[in-house]
Structure formats: structure tokens, C-alpha cells
Amino acid sequence: MKEKYYVIRTEKSGVFAAQIKNFDDVTRKYILKDSRRLWYWDGAASLSELSQEGVNKPENCKFPMSVPEHIAYLVIEVIPMTEKAITSIKNVKIWSGK
């Protein structure tokens, strides 16, 4: 589980593409590694499609930089990603508020 990437949806803090370093299913607290917030995407109809196909309109996506590690609370969905989707998301230009 720790070497794969997942699309991870939380109740309140959004959606992430990340590896899972550790988790507690009782508290729904996940420690994520190489985590990138998927703030806005275009070219995928759902998180299921995003996890399998990635995006086909990367120029319209708003994915900030990834962070080495962070804690996500209230995780409600974890979807394994394909290599195609991982490559697609990693190739989206970093979106910044600058």
C-alpha cells in the first residue's frame, strides 16, 4: 500500500493524489506522502475516472505543488491510481497564487 498512489478524498479538506505513509481507520486519520491537492480538474468526470485515466485537459487544472508529508483527517474515499493517471497528474503544471 505504501508504494502506490491513491486519490484520497476527505470530508472537509478536499482531494489529494498521494502515497499513504500510515493510517488509522478508526479515526480516519491518514499520513500522506508526496501529496498533491487536486483543487480543480478538467477532463475527468469523476474521481473514479481521474484515478484511472488522469486528466485530458491539463492546461485547465489547478493543482498546487506537492508537499513531502501532511496529515489528512476524515478520509472518506481512497482509490488506487493507475500509472497513466499518476503520470497525467504529475505532468500538470504547478498552479500558484503568485
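The table below gives the values:
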| item | result |
| --- | --- |
| For residue 57: the one exception among (1) surrounded by fewer than 16 Cβ atoms within 10 Å (Cβ to Cβ); (2) within 15 Å of the chain's Cα centre (by Cα); (3) more than 14 Å from residue 78 (Cβ to Cβ) | (2) |
| Selection status of residue 89, touching a residue at least 40 places away in the same chain (Cβ under 8 Å) and closer than 11 Å to residue 36 by Cα | yes |
| Test for residue 67: is it in contact with a strand residue (DSSP E or B) (Cβ under 7 Å, 6 or more places away or on another chain) and either aromatic (Phe, Trp, Tyr) or at pLDDT 95 or above (or both) | yes |
| Residue tally, condition touching a helix residue (DSSP H, G or I) at 6+ places or on another chain (Cβ under 7 Å) and either β-branched (Val, Ile, Thr) or farther than 22 Å from residue 95 by Cα (or both), over segment 1-51 | 2 |
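The values are calculated or read from the model by the stated rules, or taken from the named source; none is laboratory data. All values derive from a computational prediction rather than experimental measurement. No Cβ is skipped: glycine too gets one built from the backbone with ideal geometry, and neighbour counts run over all protein chains shown.
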